[in-house]
Amino acid sequence: MSAEATVTRSPVAPLWGELRCGGELARLRADGELSRSDGIVDWRACLDPHAQPVEIDSSHIGMAVHPRVYRVLERALDASG
């Protein structure tokens, strides 16, 4: 049996959203990682008006192993409580 997850953006604080999964509610911070040196995806396509942009100097594939990406994720998860 799988739980359905829904994400809702906060109208008063657009950099935050809520995740509801199986009756549990968690607040999430929205960060958008982008790289001007990606080489595959234009960095402007990664801009989200509801997320805090975070620039990472990395290739497209390198984003999966770049230490800064994981530091940004850690900070966002810590801020989410």
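The values are calculated or read from the model by the stated rules, or taken from the named source; none is laboratory data. Remember, it's a predicted structure, so these values are computed and weren't measured experimentally. All Cβ positions, even for glycine, are placed from backbone atoms using ideal geometry, and neighbour counts span all protein chains on display.
Quick notes on this structure:
- Whichever residue in the range 57-81 is of a type in the set (S, T, N, Q) and either out of contact with any Phe, Trp or Tyr (no Cβ under 9 Å at 6 or more places or on another chain) or part of a strand (DSSP E or B) (or both) and, among such residues, is surrounded by the most Cβ atoms within 10 Å (Cβ to Cβ): SER58
- Any hit, the range 34-56, residues being surrounded by 14 or more Cβ atoms within 10 Å (Cβ to Cβ), part of a helix (DSSP H, G or I) and either of a type outside the set (A, V, I, L, M, F, W, C) or at pLDDT below 75 (or both): no
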